[in-house]
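Visitor: I'd like to ask some things about the structure below.
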Amino acid sequence: MNKPVILIVEDDTPVRNLISTTLKTHEYKYLTAPTGRDAIMLASSHNPDVVFLDLGLPDMDGVEVIRQIRTWSNMPIIVISARSEDDDKISALDAGADDYLTKPFSVEELLARLRVTIRRLSMMNSSAGTDTSVYTNGPLKIDHPAGCAFLYEEELKLTPIEFKLLCLLARNTGKVLTHTYITQSIWGRSWDNDIASLRVFMVTLRKKLEPDPESPKFIQTHVGIGYRMLKVE
Ligand code: CA
């Protein structure tokens, strides 16, 4: 992958300048948008590789920007939120954001998050077309080349993170995966926040996957440790 293009969505000029200067210094290409409307327009016309998205925009909620982009693209979206917007951060992840940065953030943190995202993206690109496998486990089917999952032949409406989570557990069917292992695999790090987010994603994933989320038959919880995908007959 050469010279990824980053879309910076931020209405606060000093923050936008900080991000664009940092990207420029590190030889990334970038586009900037001060509003949600501009963001959606640039995302569709320029198809950037990664989006940095501030949640508090003047014309619309950043979460709405994610929802709109997700109707046609899986481009990685890294949300930028203030610490007071923790609930918004969870809604953003729920709407399909891939990762988040909390204000105030350091330049190093921004670059680290970007590198992880780009690495994941190029891994996805290089394995796309090679993973032709279809996973089945009882009524659950994951079609890797199509990037979707089915339960009793009905497509599950999963967010990108829920899908990644499901694939990770499925790849390791029968094995207990720790919270740390899972968050490392999905977000490239394992902070307390990530483990809290993982619980939230597990609840939403189970609601979609399990016929009875109260007594799950696919994903088993190991309290204080992690989760395991069980083989279903
Ligand atoms: Ca803002």
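Visitor: Of all residues in the range 161-218, how many are surrounded by 15 or more Cβ atoms within 10 Å (Cβ to Cβ) and under 15 Å from the mean Cα position of the chain (by Cα)?
Guide: Count: 24.
Visitor: Hey, does the range 13-26 have a residue that's more than 21 Å from Arg115 (Cα to Cα), open to solvent by 30 Å² or more (accessible area, probe 1.4 Å), more than 16 Å from the ligand (Cβ to nearest atom) and out of contact with any helix residue (DSSP H, G or I) (no Cβ under 9 Å at 6 or more places or on another chain)?
Guide: No: the range 13-26 contains no residue that is more than 21 Å from Arg115 (Cα to Cα), open to solvent by 30 Å² or more (accessible area, probe 1.4 Å), more than 16 Å from the ligand (Cβ to nearest atom) and out of contact with any helix residue (DSSP H, G or I) (no Cβ under 9 Å at 6 or more places or on another chain).
Visitor: Among the listed residues Glu85, Glu10, which satisfies the condition of being of a type in the set (Asp, Glu) and either closer than 30 Å to Lys207 by Cα or at pLDDT below 95 (or both)?
Guide: Working: Glu10 fails: either closer than 30 Å to Lys207 by Cα or at pLDDT below 95 (or both).
The match here is Glu85.
Visitor: Out of the residues in the range 58-77 meeting the condition of being open to solvent by less than 20 Å² (accessible area, probe 1.4 Å) and within 16 Å of the ligand (Cβ to nearest atom), tell me which one is nearest to the chain's Cα centre (by Cα).
Guide: The extreme case among them is Ile77.
Visitor: Okay, next question. Hey, does the range 110-118 have a residue that's out of contact with any helix residue (DSSP H, G or I) (no Cβ under 8 Å at 6 or more places or on another chain), among the charged types (D, E, K, R), closer than 19 Å to Arg189 by Cα and in a helix (DSSP H, G or I)?
Guide: Yes - at least one qualifying residue is present in the range 110-118.
Visitor: Scan the range 27-39 for residues that are without any contact (Cβ under 8 Å) to a residue 40 or more places away in the chain and more than 16 Å from the ligand (Cβ to nearest atom) and jot them down.
Guide: Glu27, Lys29, Tyr30, Leu31
Visitor: Tell me which residues, restricted to the range 158-171, are in a loop (DSSP other than H, G, I, E, B) and touching a strand residue (DSSP E or B) at 6+ places or on another chain (Cβ under 9 Å).
Guide: Passing the criteria: only Leu158.
Visitor: For the range 172-193, which positions are in a helix (DSSP H, G or I) and over 17 Å from Gly96 (Cβ atoms)?
Guide: Within the range 172-193, His179, Thr180, Tyr181, Ile182, Thr183, Gln184, Ser185, Asp192, Asn193 meet the criteria.
The values are calculated or read from the model by the stated rules, or taken from the named source; none is laboratory data. Not measured: the values here are computed from a predicted model. Here the Cβ is made from the backbone with ideal geometry for all residues, glycine too, and neighbour counts use every protein chain on show. All accessible areas refer to the heavy atoms of the entire protein, side chains included, with ligands and DNA or RNA removed. Shrake-Rupley method; radii C 1.70, N 1.55, O 1.52, S 1.80 Å.
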